[in-house]
1. Looking only at residues that are farther than 18 Å from A69 by Cα, assigned to a helix (DSSP H, G or I) and aromatic (F, W, Y) in the range 82-134, which one is least open to solvent (accessible area, probe 1.4 Å)?
2. Given (1) over 21 Å from S229 (Cβ atoms); (2) surrounded by fewer than 18 Cβ atoms within 10 Å (Cβ to Cβ), where does A68 come up short, assuming only one miss?
3. Six or more apart or on different chains, Cβ atoms under 8 Å: show the pairs whose first residue is in the range 170-185 and over 13 Å from V127 (Cα atoms) and modelled with pLDDT under 85 and whose second is in a helix (DSSP H, G or I) and aromatic (F, W, Y).
4. Would you confirm whether any residue within the range 193-204 is within 14 Å of G55 (Cα to Cα), in contact (Cβ under 8 Å) with a residue 12 or more places away in the chain, of a type in the set (G, A, S) and assigned to a helix (DSSP H, G or I)?
5. Any residue at all in the range 48-55 that's basic (K, R), part of a loop (DSSP other than H, G, I, E, B) and out of contact with any His (no Cβ under 8 Å at 6 or more places or on another chain)?
6. Suppose we keep only residues that are part of a helix (DSSP H, G or I) and either buried (at least 18 other Cβ atoms within 10 Å of the Cβ) or among the acidic types (D, E) (or both) within the range 240-252. Which one would you say is modelled with the highest pLDDT?
7. For L197, are the conditions met, namely being at pLDDT 80 or above, of a type outside the set (D, E) and crowded, with 18+ Cβ neighbours inside 10 Å?
8. On the given criteria, is V237 under 30 Å from L46 (Cα atoms), modelled with pLDDT under 80 and surrounded by 21 or more Cβ atoms within 10 Å (Cβ to Cβ)?
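The values are calculated or read from the model by the stated rules, or taken from the named source; none is laboratory data. Remember, it's a predicted structure, so these values are computed and weren't measured experimentally. Neighbour counts are summed over all protein chains in view; Cβ atoms, including those assigned to glycine, are modelled from backbone coordinates with ideal geometry. The protein model used for the area step is the full one, side chains on, heavy atoms only, and it has no ligands, DNA or RNA in it. Shrake-Rupley method; radii C 1.70, N 1.55, O 1.52, S 1.80 Å.
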Amino acid sequence: MRLETLLRQGAVLALWLAVWAAAAALVGHTLLLPSPAETARALWTLVRQGDFWRGALASVGRIFAGFAAGLCLGALLAALSARFAFCRAFFAPMLSVIKATPVASFIVLALVWLRTNGVPVFATVLVVLPVACANVSAGLAAMDRDLLEMARAFGLSRRAQAVRVVVPALSPYLRAAVTAGMGMAWKAGVAAEVLCLPANALGTTLYEAKIYLDTPALFAGTAVVIALSILLEKAVVRMAYGKEGGGRARVGSARGEPTAGR
């Protein structure tokens, strides 16, 4: 990243911090809006606690497990729908219901069906699945069929066709699914933790801050959630696509609209 870009991003960040500080001074009450300094002190207090990091690691594990399961399941449904018309008609109502139903409704139902630690995973799977399915379906629909015909004509095996034709064609759509799905996974996973209160979880930390009216700690915990979401998304894209992978994906909408990179 160039120095000019870093300076510009730093200036933007400083401007927003100044706006935040001015708004906090105008409100004049920590309970309603803590200042950046108060939030930083609360964050420093949190990060020195071992229980906080145990909860953060547990949340990362649950949310990443749900994200990976939702991504794989969505890709599988998209492949089956592209291959079989019956599967496309069969899965369409289910996907429509999942996209239209509030996440809170699924979380409440999951509290009845599952153990506490399984609720965030279940909620995460449900929000990632339609995003992954929509993007992979769009990629399969846009795939150049002539390339597949050429691969068959040259006698390439199915595995070779998948590696050399299908995967490169789907790559920008999968990046879009990862980028959109990761952010939504954290929103749904932490919301589920706030409602089901696992023993170790970032959501539980946020809930306790709310109970004790500790708004700076609430802001600090939220900042950690945002940071972990961004870092995990970049790590997944970097591992899958290399250094240039993260910059070309366009984010799908929260309702699972298909998008792809240019």
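1. F90
2. In the conditions (1) over 21 Å from S229 (Cβ atoms); (2) surrounded by fewer than 18 Cβ atoms within 10 Å (Cβ to Cβ), A68 misses (1) alone.
3. S171/Y241
4. So far as the range 193-204 goes, yes, one or more of its residues are within 14 Å of G55 (Cα to Cα), in contact (Cβ under 8 Å) with a residue 12 or more places away in the chain, of a type in the set (G, A, S) and assigned to a helix (DSSP H, G or I).
5. yes
6. Residues of the range 240-252 part of a helix (DSSP H, G or I): 240-241, 245-247.
Filter again for either buried (at least 18 other Cβ atoms within 10 Å of the Cβ) or among the acidic types (D, E) (or both), leaving 241, 245-246.
Working: Y241: 64, G245: 46, G246: 41.
Among residues in the range 240-252 that are part of a helix (DSSP H, G or I) and either buried (at least 18 other Cβ atoms within 10 Å of the Cβ) or among the acidic types (D, E) (or both), the one modelled with the highest pLDDT is Y241.
7. Against the criterion (at pLDDT 80 or above, of a type outside the set (D, E) and crowded, with 18+ Cβ neighbours inside 10 Å), L197 does not qualify.
8. Against the criterion (under 30 Å from L46 (Cα atoms), modelled with pLDDT under 80 and surrounded by 21 or more Cβ atoms within 10 Å (Cβ to Cβ)), V237 qualifies.
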